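See structure below.
The values are calculated or read from the model by the stated rules, or taken from the named source; none is laboratory data. Bear in mind the structure is a predicted one, so any value in this text is a computation, not a measurement. Please note: Cβ atoms are built from the backbone with ideal geometry, for glycine as well, and neighbour counts cover all protein chains shown. Heads up: the accessible areas ignore ligands, DNA and RNA and are worked out on the full protein's heavy atoms, side chains in. Shrake-Rupley method; radii C 1.70, N 1.55, O 1.52, S 1.80 Å.
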Amino acid sequence: MGNAGSENVLARLEEILAEVWDDHAEGEPIDRGASLLELGVDSLTLMILLDRMEGEFHVAWDPEHPPSAFSSLLSLAGSVTAEQSDGAART
């Protein structure tokens, strides 16, 4: 998946996080590269984000992945695009 695809995934993940993150001030930008923990995202919100990510992008998040794969929106987008590329290569 190219840069445009990656950017679309990242933008959609940002939208999803804003939808499910109750403590985020509406209209405030989210630092895509910052650690979700440092941003104040709690574990329940992270689980909801991962669930929505799985449904939206048809990729299964794997708890066996290293924690760094889930540390920021950028790393989540990278995981999604890698999973989608792997899936496309298998078909």
Within the stretch 57-77, the count of residues that are open to solvent by less than 70 Å² (accessible area, probe 1.4 Å), assigned to a helix (DSSP H, G or I) and without any contact (Cβ under 8 Å) to a residue 60 or more places away in the chain comes to 4
Counting only residues that are open to solvent by 30 Å² or more (accessible area, probe 1.4 Å) and part of a helix (DSSP H, G or I), the stretch 10-56 contains a total of 19
